[in-house]
Amino acid sequence: MKVDGGCHCGHLTYEAEIDESIVTVCHCTDCQNLAGTPFRVTAHSFEGSFTLLTGKPKEYVKTGGSGNPRIQAFCAECGSQIYSTSVGEGPKVYNLRVGTIRQRDSLVPTRQIWARSAHHWIDNLSSVPMYQEGPPQPR
């Protein structure tokens with residue numbers, strides 16, 4: 001599937017071909033910490049299928065719970081996370097952050113990983129009040 005996207009401020013933009021059969025919800029504590037959310041959703045784009053159109057991401061290397069070092073790429077202007085990928089030579093898989101993909105509504109997760117770190121309340125959100133826009137403001 002062809003997708004495009006970018007960071008919150010528009011400094012970084014990209015286009016990619018993704019494998020829509022691999023849309024992953026990751027519950028690992030690194031994703032929780034990096035994203036500032038209870039989980040992160042990614043889509044895979046393989047080397048040669050991901051192209052930065054504008055900007056250059058800031059990168060740093062984080063060794064994950066798996067023991068593998070991973071490049072974390074984000075916008076230096078607004079901080080939006082764009083992707084992670086492996087360190088060194090060899091074919092790259094870019095784990096694109098689904099929130100940065102313009103077609104994100106079409107991307108339905110197909111798997112969850114690092115479930116041992118998932119928050120206990122994740123499966124019970126249907127009981128939490130939902131608003132179509134922001135919640136009512138107190139008067």
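The values are calculated or read from the model by the stated rules, or taken from the named source; none is laboratory data. For clarity, every value in this text was computed on a predicted model and none was experimentally measured. Here the Cβ positions follow ideal geometry from the backbone for every residue, glycine too, while neighbour counts run over all protein chains shown.
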Leading residue by the ranking (modelled with the highest pLDDT) among those in the range 57-104 that are surrounded by fewer than 13 Cβ atoms within 10 Å (Cβ to Cβ) and of a type in the set (Ser, Thr, Tyr)
60
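Any idea which of 36, 67 is over 15 Å from the mean Cα position of the chain (by Cα) and at positive phi? I'd like the intermediate steps shown before the answer.
On the way: 36 fails: over 15 Å from the mean Cα position of the chain (by Cα).
Result of the check over 36, 67: 67.
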Pair list, Cβ < 8 Å and 6+ apart or interchain, from the range 29-47 residues that are part of a helix (DSSP H, G or I) to residues that are of a type in the set (S, T, N, Q) and surrounded by 14 or more Cβ atoms within 10 Å (Cβ to Cβ):
29/117; 32/117; 34/72; 34/81; 35/81
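Return the residues of the range 105-115 that are touching a residue at least 12 places away in the same chain (Cβ under 8 Å) and either surrounded by fewer than 19 Cβ atoms within 10 Å (Cβ to Cβ) or closer than 15 Å to residue 45 by Cβ (or both); say none if nothing qualifies.
Going through the range 105-115, the residues touching a residue at least 12 places away in the same chain (Cβ under 8 Å) turn out to be 106-115.
Within the range 105-115, 106, 107, 108, 109, 110, 111, 112, 113, 115 meet the criteria.
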Contact list please: Cβ distance under 7 Å, first residue in the range 1-21 and of a type in the set (Phe, Trp, Tyr), second residue surrounded by fewer than 16 Cβ atoms within 10 Å (Cβ to Cβ), pairs at least six apart or on different chains.
14/4; 14/51; 14/53
Hits in the range 1-22 (condition: over 19 Å from residue 59 (Cα atoms) and surrounded by fewer than 21 Cβ atoms within 10 Å (Cβ to Cβ))
1, 2, 4, 17, 19, 20, 21, 22
Please go through (1) aliphatic (A, V, I, L, M); (2) free of Cβ contacts under 8 Å to residues at least 60 places away in the same chain; (3) farther than 19 Å from residue 15 by Cα; (4) surrounded by 12 or more Cβ atoms within 10 Å (Cβ to Cβ) for residue 122 and return the number of the only condition it doesn't satisfy.
(2)
Residue list for the range 80-117, filter: over 17 Å from residue 39 (Cα atoms), of a type in the set (A, V, I, L, M, F, W, C) and either assigned to a helix (DSSP H, G or I) or within 14 Å of the chain's Cα centre (by Cα) (or both)
93
Test result for residue 98, more than 23 Å from residue 8 (Cβ to Cβ) and touching a strand residue (DSSP E or B) at 6+ places or on another chain (Cβ under 6 Å)
no
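I'm trying to understand the selection: among the residues of the range 48-71, which are of a type in the set (D, E, K, R) and assigned to a strand (DSSP E or B)? Quick ask: steps written out before the conclusion?
Initial filter on the range 48-71 (of a type in the set (D, E, K, R)): 56, 58-59, 62, 70.
Answer for the range 48-71, where residues must be of a type in the set (D, E, K, R) and assigned to a strand (DSSP E or B): 58, 59, 62, 70.
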Residue 124 passes all but one of the listed conditions (1) within 22 Å of residue 27 (Cβ to Cβ); (2) part of a loop (DSSP other than H, G, I, E, B); (3) not aromatic (Phe, Trp, Tyr); the exception is number (2)
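If a residue must be assigned to a loop (DSSP other than H, G, I, E, B) and among the small types (Gly, Ala, Ser), how many such residues does the range 8-28 contain?
First, the residues of the range 8-28 that are assigned to a loop (DSSP other than H, G, I, E, B): 8-12, 18, 27-28.
Filter again for among the small types (Gly, Ala, Ser), leaving 10.
Within the range 8-28, residues that are assigned to a loop (DSSP other than H, G, I, E, B) and among the small types (Gly, Ala, Ser) number 1.
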